[in-house]
Amino acid sequence: MSRWGMVIDLDKCTGCQACVVACKVENNVPFSTPESESSRRSISWMVVLTITEGTYPNIRQRFIPRPCMHCENPPCVKVCPVGATYKNKEGIVAQIYTRCIGCRYCTNNCPYTLKYFNYSRPRWPTEMENYLNPDVSRRGVGVVEKCTFCHHRLQKAKEIARAEGRTLREEDYIPACVQTCPTGALIFGDLENPKSQVFLLSRSPRAFRLLEELGTEPKVFYLTEGERHA
Amino acid sequence: MKGFLWGWFDKLTRLVLNTSRKLAGFLPLRLSCFLRIHQAPAISLSPEKSTKLYKTPSLPVGVQLKRSGVGQYNLIALILFFGGLITLTISGMLLFRQGISGLEQPLPFNHRVHAENGMECSDCHQLYREHPASGKPTLEVCSGCHSEPIGQSQSEKLLLKYILNREEIPWKRIYRLPPDVYFSHRRHVAAGKVGCQACHGNIGQSSSPPSQPLKISMKKCMKCHEQEKVDNDCLACHR
Amino acid sequence: MAIKRRDFLKLVAGATLPWPLADCSSRNISRMNLQSSWEPRLETWVPTVCGACPGNCGLLVRKIDNRVVKVEGNPLHPSNRGKICGRGQAGVQLLYNPTRIKAPLLKVGGRRAGKWREISWEEALSIVASKLTELRNSGKAHSVVYLGPEGHQVADELISRFLRVYGSPNDIRIDLWKALKQAYSLTLGSSDLMAFDFENCKYILSFSSQFLTNWPTSVEIQRIYGEKRSKAELKIVQVEPRFSLCASRADRWVPIRPGKEGLLALGIASVILKEQLYDKNYLDRFAARFEDWFNEQGEKIPGFKTTALNLIRLEDVSEETAVPLKTIIEIAREFASTRPALALADYNLSYHPQGVFNSLCVLALNALIGNIDLPGGIARPRPAPLRPWLTENLDAIAEKGLRMPRVDEEAKDWLMPPLDNPPYEIDCLLISPQPLPGNFPFLENWEEISQKIPLIISFQPYLDERNEHVDLILPDTTYFEKWQLATSPSLSMKTMVSVGMPVVKPLYQSRPLEDILISLAKKIGGLMAANFPWENHQEVIIDRLAGLFEAERGAVFLSSQEEFQLKILEERGWWLSQHKNLDDFIADLFKSGGWHDPVYHFQIRSNTYQNPQRRFIFFSASENLIKQTEPQASESDYPFQLFLYDLPFTSNNSGAPMPFFQETLGFRFNSEWRIWVEINPETAKELKIKENDLVWVESPYGKVMAVAKLFPGLEPWLLAIPLNKETAFPANKESRKISDPLALLPNSGSIQKNFSVRQNLRVRIYKEKGGTS
């Protein structure tokens, strides 16, 4: 069984936001408005966090793309009273919108604050509804949503592979953010497959995970910025 | 008169629905402030211990609830519960309303006649092997055989009119899926080797289109998935 | 009555249960569920060219039935190789934009208060054609002016052809890169931009250049950056007043006073000269005016060597630029000893009055180490062998018109045309479909200017304030709806042509600009029609592409392995035809997305140096180089210097119709839609300004309200405000009223001045009363 994971090379990330926009277009996330910004209710499954260190002129800035961590031991799953969020066999932490009752326990319990609640029905100008992806649902008001590693792409890749009578190749399934990343800072694959790039990179001495001390065991690994800064 | 009443009823139900939604959305927000369960308690512990802690979460929720004046919340919850019951009934009625509204096709298509003439499903629904959708037969498909009248039937006369006007037939959809379900014919037919009848029953033998939208319940899906021992993961079908 | 948590949850769950259910009620299903509308949902992938910026990356468009739902990079495209930036990703919002114009619009009832009326294309074209014919027949052909950005698409060439044949010299392209282009024409004899060979270079010394984010080739550069970073093959030093995105990705950031980049480059040059680290061989063979030289009057003019060595003192440079002496020497040694090394200059240098001088100094650094026309250096792009245009037949009117001076004659070498003070009256102004740099004409004096022009016609596809003073709109389509042929952007090393066919039919009643021009020419008739013999723009494109088939080199886009093989073969003089006939070739061309010749021969020097001397000409300065720029206002009243900068991927325009793109621009400052001002934390502490406080920034010319963001990435006496940040979608004047940084610029009536003072403006800052957001 595959265990899907992502490796993010912070050395390569330029903070160009291509992943953020790609995610929003792929997953039918509405764009933010000045109102949603002021009430802090904008939704963005992928966010590039900025960390600024130092004082002028010795300043350093790091960009940390933050998708859902898809924890092995997800804190959000434990508090869901209705089983709307759970970890599936391939390690993807799912969010089933029709089950979600909007209690927001999971948003509160996620140490990475990457779950988003729909405080209002997402709206698009009528013309823009044309570009909505039919493979991804339009969430209604009152449900929690988050990055799914574009699992609909996995379903489609599996389906095509089976219809063609072959096994799933690793390159068949790439989330939208990884596909577009201009510098190749995002790498995606099967953490169980010893030949895959993510398998090797996640074991690199540069690899670390966010808030490792919480024991959530994220499947998103980061590679520290290289020695050139040391 | 009937329409007028329905209009008012519709307005009223929508009002109730919206208010209950807003209330329900509001309550958990306030609750989560009281419950304070978002504070991960394991920060100071070593990783092994914290893992254990996570496996058996013991959150001091009840205690805090009592401390913060439960009575008030009971009342709100009860009001919401009964409010919820009422809205449930009303939405049920709304669904029912759709049920009786009927489904009239532009022409009374006869599946049986076509099947008896040796036609396969894929002759008209041409996409289901390679695409998620089965493929609504286009006018081009129909006119492939019906460019000249073949029989005497009323429905063929209607069809010929469409062909003459080069106007696509506005078929109405019989099977509808809830918005959160992703269904793919390719997955079931090409990859899973499921026959059409497994889901569509003997619609291929029907002589007139059904008067109501047909339903395939999730129960039916799950039953088949269990029998065939295929993936029963929510994510496999829910998008 | 005591209720346990579990019971409570049950109750809540019971109460909330109907609510998702209600979402599924019949009314909502039809609205929410895309699947239930009975579309066959056929998925297709169509290659095309991205038009969200002038970069012309290759796209693969995901289509479901007749809708565009997603764009990805074309994996075969040699420049972006399957990758695409955020701006490109948001392109679907350009296509399906609520502000798109649905049919030709005519203003009725006066320009100011008038209303738009939809008219038919027939009527619209007749109006324009008859007006143009009338002007032409009355000998005023030259008074038709076209205003647009630089571009590499067929539409741009068709416009130029149209104007030439019509008889107007006023094909005006607003180009941010003009300062650098001018520097190139002074040094290399041609104002075409040169390409930087990032793929082979090991050291980048960037002078305020936003090469990772704001160049047309940025996606390609980012790809190379990613590849080289993993192997630690590239060192980047960014010299810049503000800690930009590029600076944050560089190995070293060297803060400098705004506009002093050239001086620092001279300082670096002087170290290189002193320590004899320069390339003597190159300078002997390919440089002029390096040593002292004599002019026509026989006077001795100091050459570059003398200028850099004797006329400036390193200590003065250090003091003036605020870069420590040690740093200058370190950079100079590193730059000269790591080969190949590039010194980069870009359009940002022209945001200061000394732009051309600064660019010249930076180019001189490259020449000093001989890194011109070498792998990893500066090289001249090679044009693709497209079939040339049919020769133009000009009649007497056209020839007479073309002899007239351009309206921007006086400011030809600078950024903006002085439309407000033209040498003769402008009778008709045509505005390009692409928004112009600097969000022109959002400028305040646009209203004044427009009043003097009797007819203004716009090709803009979106209805916004750009169309405010326009009389007639002929809506162009977006790049998803037309045939495309784009040559590689001028900064690219690649000899490449990207093509695309319409992904969807034109929405509404819009028409491709190319077709509008062709039908206009036909309507005007006579020699105009004869010069545009094509039926539509598809014919033009197919005609031009035939040249690639006949060139007997290169190939349609291939995967990188196949391309490598082709390159090896071609370098050894082999070329195998893959297509039997032109039709096959064209079909394959559109299937793969374009044509590319992977071979680049360096050392064809005659091509690189286009001046009569066939050399790199160093500048020589006879005046005092450490020149103070004139102060804009007194320091006591306006204690801070303002630094206006372009946000990433917005150099040519803001991308206002793409909310997905706009909302991500402020990610470094946690701002989605608000304008912010960057303040050094020390300064903020002194002024008692806290993070997210509302502040006013005031220049002698205007003021702007912004959110304060404490940012240690600039000097304490500097404030930075981003340009091209929209404050709402759809962008509107109301929302921009108090937050348009362009209001800080002098409204002197001269548009060009606005550009050059962008980083040379004095301001003050104070808190809005009770303002915390």
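Please report the equivalent ellipsoid semi-axes of the range C:191-234, computed as sqrt(5 x eigenvalue) of the Cα gyration tensor, largest first, in whole Å. Mind showing how you got there, number by number?
Details: eigenvalues 67, 27, 21 Å².
Semi-axes (√(5λ), whole Å): 18, 12, 10.
What per residue convex hull volume, in Å³, comes out for the protein assembly as shown when only alpha-carbon positions are used?
Working: hull volume 269.6 nm³, N = 1242.
Taking the convex hull of the Cα positions in the protein assembly as shown, it is 217 Å³ per residue.
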_Need the list of lysines near C:Lys274 for cross-linking: C-alpha distance under 20 angstrom, and skip anything on the same chain fewer than eight residues off._
C:Lys305, C:Lys326
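Per residue, how much space in cubic angstrom lies within the convex hull of the C-alpha atoms of chain C? Please report the intermediate quantities before stating the final value.
On the way: hull volume 171.3 nm³, N = 773.
Dividing the Cα hull volume of chain C by its residues yields 222 Å³.
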*Hey, got the average number of other protein chain Cβ atoms within 10 angstrom for residues in C:658-670?*
6
*A:Lys195: which lysines have alpha carbons under 30 Å from its alpha carbon, excluding same-chain residues fewer than 8 sequence positions away?*
A:Lys12, A:Lys87, A:Lys89, A:Lys146, A:Lys156, A:Lys158, A:Lys219, B:Lys229, C:Lys83, C:Lys228, C:Lys231
*Show me C:55-63, C:459-467, A:124-132, A:84-92 ranked by packing, highest mean number of other Cβ atoms within 10 Å first.*
C:55-63, C:459-467, A:84-92, A:124-132
*Take the alpha carbon atoms of the range A:5-131, find their radius of gyration, then divide it by 2.2 N^0.38 Å using N residues; give the quotient.*
1.20
*Along the positive direction of the dipole of the range C:634-773 (beta-carbon charges: Lys, Arg +1; Asp, Glu -1; about the Cα centre), which of C:Gly713, C:Ile738, C:Asn692 reaches farthest?*
C:Ile738
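Other chains near A:73-82: what is the mean number of their Cβ atoms within 10 Å of each residue's Cβ? Kindly include the intermediate steps, with their values, before the conclusion.
On the way: counts 4, 1, 6, 0, 0, 6, 6, 0, 6, 4.
Counting Cβ atoms of other protein chains within 10 Å of each residue's Cβ and averaging gives 3.
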*Please pull out the direction-averaged projected area of the range C:317-371, using the convex hull of its alpha-carbon atoms, in nm² to one decimal place.*
4.1 nm²
_Ellipticity estimate at 222 nm from DSSP helix runs (n ≥ 4, -39,500 (n - 2.57)) divided over the protein assembly as shown, nearest 500_ = -9500 deg cm²/dmol
*Per residue of A:115-127, count partner chain C-beta atoms within 10 Å of its C-beta, then hand back the mean as an integer.*
3
*What does the charge count near C:Leu642 come to, summing +1 for each Lys or Arg and -1 for each Asp or Glu among other residues with Cβ under 9 Å from its Cβ?*
+2
*Taking the Cα centre of chain C as origin, work out the dipole magnitude from +1 charges on Lys and Arg Cβ and -1 charges on Asp and Glu Cβ, in debye rounded to 20.*
1800 debye
_Label-point separation, C:Lys202 to C:Asp583 (7 Å along Cα→Cβ), nm_ = 5.4 nm
*Set Lys and Arg Cβ to +1 and Asp and Glu Cβ to -1, take the dipole of the protein assembly as shown about its Cα centre, and tell me which of A:Val144, C:Ala728, C:Leu665 lies farthest positive.*
A:Val144
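Among DSSP beta bridges whose residues both lie in chain C, state the antiparallel percentage, nearest 5. It would help to have the intermediate numbers written out before the result.
Values: 52 of 92 bridges.
Antiparallel: roughly 55 percent of the beta bridges in chain C.
Students often get this wrong, so check it: of C:Lys107/C:Lys522; C:Lys703/C:Lys769; B:Lys172/B:Lys220; C:Lys131/C:Lys482; A:Lys24/B:Lys172, which have C-alpha atoms separated by over 21 Å? Could the numbers behind the result be given before it?
Numbers: C:Lys107/C:Lys522 25 Å; C:Lys703/C:Lys769 15 Å; B:Lys172/B:Lys220 23 Å; C:Lys131/C:Lys482 27 Å; A:Lys24/B:Lys172 32 Å.
Checking Cα-Cα distances, C:Lys107/C:Lys522; B:Lys172/B:Lys220; C:Lys131/C:Lys482; A:Lys24/B:Lys172 exceed 21 Å.
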_Using a Cα-Cα cut-off of under 12 Å, which aspartates and glutamates could be cross-linked to C:Lys494, ignoring same-chain neighbours fewer than 8 residues away?_
C:Asp197, C:Glu199, C:Glu220, C:Asp597
*When the convex hull of the Cα atoms of the range C:552-591 is projected onto a plane and the area is averaged over all directions, what value comes out in nm²?*
2.8 nm²
*Can you find, among C:Leu394, C:Leu485, C:Val504, the residue farthest towards the positive end of the dipole of chain C? Put +1 on the C-beta of Lys and Arg, -1 on that of Asp and Glu.*
C:Val504
*All Cα pairs of chain A, percent lying beyond 29 Å*: 29 percent
*If the viscosity is 1.306 mPa s and the temperature 10 °C, what Stokes-Einstein diffusion coefficient in µm²/s follows for the range C:239-380 when Rh is the Kirkwood radius over Cα pairs?*
101 µm²/s
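What is the Cα convex hull volume of the range A:118-210 when expressed per residue in Å³?
Numbers: hull volume 14.9 nm³, N = 93.
Expressed per residue, the convex hull around the Cα atoms of the range A:118-210 is 160 Å³.
Values quoted throughout were computed directly from the atomic coordinates according to the rules given, and no laboratory measurement underlies them. A quick note: this is a predicted structure, and the numbers were derived from the prediction, not measured. For neighbour counting, all protein chains shown are included, and Cβ atoms are generated from backbone atoms with ideal geometry for every residue, glycine included.
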